[in-house]
1. If I ask for residues that are within 16 Å of the ligand (Cβ to nearest atom), under 22 Å from L79 (Cα atoms) and surrounded by 20 or more Cβ atoms within 10 Å (Cβ to Cβ), which ones from the range 53-62 would you list?
2. The conditions are (1) within 11 Å of the ligand (Cβ to nearest atom); (2) not in a loop (DSSP other than H, G, I, E, B), and V98 fails exactly one of them. Which is it?
3. Among the residues of the range 66-95 satisfying the criterion of being of a type in the set (G, A, S) and touching a residue at least 60 places away in the same chain (Cβ under 8 Å), which is surrounded by the fewest Cβ atoms within 10 Å (Cβ to Cβ)?
4. Might you let me know whether the range 18-36 holds any residue that is within 13 Å of the ligand (Cβ to nearest atom) and under 13 Å from N119 (Cβ atoms)?
5. Among the residues of the range 6-44, what is the count of those that are among the aromatic types (F, W, Y) and over 12 Å from the mean Cα position of the chain (by Cα)?
6. Please list, ordered by first then second residue, the pairs with beta carbon atoms under 9 Å, 6 or more apart or interchain, first in the range 30-52 and on the phi > 0 side of the Ramachandran plot and loosely packed, with under 13 Cβ neighbours inside 10 Å, second assigned to a strand (DSSP E or B) and at pLDDT 95 or above.
7. Specify which of the listed residues (S106, S124) is surrounded by 14 or more Cβ atoms within 10 Å (Cβ to Cβ), small (G, A, S), within 12 Å of the ligand (Cβ to nearest atom) and assigned to a helix (DSSP H, G or I).
Amino acid sequence: MYSQKIIKRFKNPKFAGEMKNSDAVGQVGNMKCGDVMKIYLKVDEKTEKIKDIKFQTFGCIAAIAASDAMCELAKGKTLKQAGKIKYSDIIKKMGGDVPKIKIHCSILGTETLREAIKNYEFKSKTKNHKN
Ligand code: FES
């Protein structure tokens, strides 16, 4: 069902794990399959570039591979650029060969990243408001 590229990424994800002292967190679950994705961001305050990113995903092989591919795409990008990452970019990064019934796993990746970005923007707004 899965390509070698997807299996390889699933077995050796570079961005898996929890991040202590993250600047923002995003978490989204898919009601239908029950998979849950969580993304942690470390952001450079001046440039708004994603300095570091990690994920914790409780889900299928495609969801874990998609989380890892999404992190690889997002790292080093500004929040604005990262917010424009499409699920099709994630699929491409995974080698393109994603079963149709597993496309929603990549969509979950973009949704979770956007949640984390929103969380960062909310936190920085409220932080500035206090000052
Ligand atoms: Fe739902 Fe993979 S089966 S995210």
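1. Hits for the range 53-62 are F55, T57.
2. Of the numbered conditions (1) within 11 Å of the ligand (Cβ to nearest atom); (2) not in a loop (DSSP other than H, G, I, E, B), the odd one out for V98 is (2).
3. Residues of the range 66-95 that are of a type in the set (G, A, S), as a first pass: 66-67, 69, 74, 76, 82-83, 88, 95.
This time we only want the ones that are touching a residue at least 60 places away in the same chain (Cβ under 8 Å), so: 69, 95.
On the way: A69: 26, G95: 16.
Per the criteria, the residue is G95.
4. The answer is yes, given that some residue of the range 18-36 is within 13 Å of the ligand (Cβ to nearest atom) and under 13 Å from N119 (Cβ atoms).
5. The initial filter retains those residues of the range 6-44 that are among the aromatic types (F, W, Y), namely 10, 15, 40.
Now drop any that are not over 12 Å from the mean Cα position of the chain (by Cα), which leaves 10.
Total meeting the criteria: 1.
6. G34/F58
7. Of the residues listed, the single one that is surrounded by 14 or more Cβ atoms within 10 Å (Cβ to Cβ), small (G, A, S), within 12 Å of the ligand (Cβ to nearest atom) and assigned to a helix (DSSP H, G or I) is S106.
Per-residue answers, yes or no, for (1) at pLDDT 95 or above; (2) hydrophobic (A, V, I, L, M, F, W, C):
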site	(1), (2)
A16	yes, yes
A24	yes, yes
M31	no, yes
I39	yes, yes
E48	yes, no
A69	yes, yes
E72	yes, no
L79	yes, yes
S88	yes, no
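The values are calculated or read from the model by the stated rules, or taken from the named source; none is laboratory data. It should be emphasised that the depicted structure is a prediction, and the values quoted were computed from it without experimental measurement. No Cβ is skipped: glycine too gets one built from the backbone with ideal geometry, and neighbour counts run over all protein chains shown.
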